[in-house]
Amino acid sequence: MEHALVIGMVASGLFFGWTIGSHYTGATMGMAYGSGIIKKPITACLLIAFFVILGATFESHNVVKTVGTGIIRGEDMTPLGAMTMMFTAALVTAANTWFKWPVSTSQLACFSVVGSALAMGVPVFWKTTITLLFVTWIGTPILAAVLGYVFTRVTDAVMRSRSPAAVRVLEWGLLAACCYAAYTLGANNTGNAVGVFYGLKLMAPMKAGLIGGIVMAVGALTWGKPILEKVGKGIVQLDLNMGVGAKMGQSLTAHLAASLGYPTSMNQALIGGVFGAGSARGLQTLNRKALGEIVFSWFFTPALAGVVSFLLYKLLSMLLHAH
C-alpha cells in the first residue's frame, strides 16, 4: 500500500507541476506576445520552457525546502498526505486554467499542505513559516508596484527617442524581461510541486527542481496557449516602456521571494508591476472586469484548496485505511 501511495504522490506532484507550467504562460511571456514582439504562441511557450528549466534547476532549492519541510515537520510528511496536497493543488490550478483565471499556485500549494496537515492532526508552523508567507504575499504586489513605477520612470528618462532603432531596443528589452520572468517562474514555483519529494527524502533539492522544471516546461508547451492569450491580449494594455517597467517589477519581486525561500504569486507580482507602471504615467492600464476575476480567485481558490485538501485526506484515509 505504501509503495502505491508513493507512486500516487509522485504522479500528483508531476501533475501539479504540469498545471503550473501551463498556468503561468501569460504571467511570463504574455506581454511579449500581446505586443506582437513574439508572433506565435509556440515561440513564447518554447522560450518559457527553456528558461523555466534553468530557474528550476539552479534556484528553486530554497522553495523546495520550504514546501517540503517548512510548513510542517519533515517527519510528519506521509505519502498519503503528500499525495492529497499535490493532487488538490493540481486540480484547483487546472480548473482555474480551464476558466482562464490567473491564480496563485504558491498560495494553493501552501493552503493544500495546511489543509492536509490539519486533517492529519500534525502541527503547522503558523507563527514562523505561515506568518512569513502571508507577509510575502501581501508585500508582493506592493513591492512590484513600487519597482514597476521606478523602472518605468527610468526607462522613460533613458529612452526618450521614438526612432526605429530605439523601438527595437525596447522590444528586445521587453523580450529579455519576459525571459527573466520565465526563469523566475522556475525558481519561485517549482518547489510548490516537488517540495514534497524532498520532504519525503526521495531526492535532493536540485534534482527535484530539475524534474519539476521539465514537467512545467511540458505544461507550458501542451496547454499554455489559453492563459497566454488571456493575459497577453485581454488584461493589460501597455506601451513598451511600461512593459519593461512592469516585467522588471514583477520578476525582481518574485525572484527575491524565491531566494528567501518563500514562494509568491507571479500573477500578483504582475498586477502590482502593471499598476506601478500605469501610475508612472497617470494611466488606467488594467481591464477592471478581468482584474475583478483575478482578485476574487486570489481569495477564493486558496481557501477552496485548503478545504478540499482537508476533506480529501479524511476520505482517502478512511477508504484506504491509511494515515
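Here are the numbers for the structure shown:
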read-out	value
Residue order, fewest to most surrounding Cβ atoms within 10 angstrom, among S317, S265	S317, S265
Cα-based reach from K39 at 17 Å (exclusive), listing lysines while leaving out same-chain residues under 8 positions away	K225, K230, K233
At q = 0.14, 0.23 Å⁻¹, base-10 log of I(q)/I(0) for the range 169-282 (Debye sum, equal scatterers on each alpha carbon)	-0.63, -1.32
Cα pair distances in the range 2-320, grouped into 10 Å bins until the bin that holds the longest one, percent each	7, 30, 35, 19, 7, 2, 0
DSSP-loop trypsin sites (Lys or Arg not before Pro) across the range 36-90, with at most 13 other Cβ within 10 angstrom	K39
Under 5 Å, built H, 5+ apart or other chain: amide partners of I71	none
Partners for K65 among lysines (Cα-Cα distance below 25 Å; same-chain residues under 8 apart left out)	K127, K201, K207
Cα Rg over Rh - the range 1-128, Kirkwood	1.03
Likely footprinting exposure, T43, T66, fewest C-beta neighbours within 10 Å first	T43, T66
D_trans [Stokes-Einstein, Kirkwood Rh over alpha-carbon pairs] for the range 118-195, 4 °C, 1.567 mPa s, µm² s⁻¹	80
Cα-based helix-to-principal-axis angle, 240-260 vs the chain, degrees rounded to 10	30
Within the range 181-209, backbone nitrogen closer than 16 Å to the virtual label 7 Å beyond the Cα of D76 toward Cβ	196, 199-200
Fewest-first ranking of R160, R281, using other Cβ atoms within 10 Å as the exposure measure	R160, R281
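Here, each number is a calculation from the coordinates, and none is a lab measurement. Note that this is a predicted model, so its numbers are computed, not measured. Quick reminder, even Gly has a Cβ in these numbers, built from the backbone with ideal geometry, and neighbours come from all protein chains shown.
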